[in-house]
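Read through the structure below, which is laid out as structure tokens, and then see the notes.
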Amino acid sequence: MGLKTNFNIRVYGLLINDLNQVLISDECRNGYAFTKFPGGGMEFGEGFKETLVREFQEELDIEIEVNELFYFNEFFQASKFNPKDQLFSFYYLVTYSNWQLIVTDQHQVPLTQEGEKHRWISIKDLNEELFTFPIDKLVCSQLKRSLNPLLE
């Protein structure tokens, strides 16, 4: 008999503004600080795009437009928070025309108080080391590689 596995489906948005900056999320949950792309877990009854729209609504109080799928992991990845959970992470390119209105206060990184804050990072300054989780690091590299010709 094999180990019972739970599947944890995560959906994230890659929001790039007109200044060639991408939005990232600094969070602290149960005393654990991490940096990732905005998004989160799929709830029962939701589709991928619905999850992402809900997450951005909850986290940033904005209505995004979900565009094409950018990346999903085709390999095994255990959850950092529950090693018995197998993660499936989906990253979509998203747009929001009023991106200037997104609240991005200056804050200390890593975040030390419970909650989340957001910041814009220039694509040129995007670096795997900014991110906590392995799949985000991978997506960071792929995003930078795919956008590099646009920045020259």
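Annotations
- In region 36-53, the residues that are within 18 Å of Glu68 (Cα to Cα) form Cβ pairs under 6 Å with partners that are part of a loop (DSSP other than H, G, I, E, B), at six or more places apart or across chains, as follows: Thr51/Met42.
- In the condition set (1) touching a strand residue (DSSP E or B) at 6+ places or on another chain (Cβ under 9 Å); (2) free of Cβ contacts under 8 Å to residues at least 60 places away in the same chain, Glu114 is compliant with all but (2).
- Filter pass, Ser141 being among the small types (Gly, Ala, Ser) and either out of contact with any Asp or Glu (no Cβ under 8 Å at 6 or more places or on another chain) or touching a residue at least 60 places away in the same chain (Cβ under 8 Å) (or both): no
- Residues satisfying the criterion are absent from region 58-66 (criterion: closer than 20 Å to Leu138 by Cα and touching a helix residue (DSSP H, G or I) at 6+ places or on another chain (Cβ under 6 Å)).
- Region 32-97 holds strands (runs of 3 or more DSSP E) entirely within its bounds, and those carrying 3 or more residues that are buried (at least 17 other Cβ atoms within 10 Å of the Cβ) map to 32-36, 65-72, 85-95.
- Top-ranked residue in region 1-31 [being in contact with a strand residue (DSSP E or B) (Cβ under 9 Å, 6 or more places away or on another chain) and of a type in the set (D, E, K, R); ranked as surrounded by the most Cβ atoms within 10 Å (Cβ to Cβ)]: Arg10
- Filtered residue count, region 98-114, keeping only those that are among the aliphatic types (A, V, I, L, M), exposed (fewer than 15 other Cβ atoms within 10 Å of the Cβ) and part of a loop (DSSP other than H, G, I, E, B): 2
Every number here is computed from the coordinates shown, using simple stated rules; none is lab data. As the structure is a prediction and not an experimental result, all values here were calculated from the model. Every residue, glycine among them, receives a Cβ derived from its backbone with ideal geometry; neighbour counts consider all protein chains shown.
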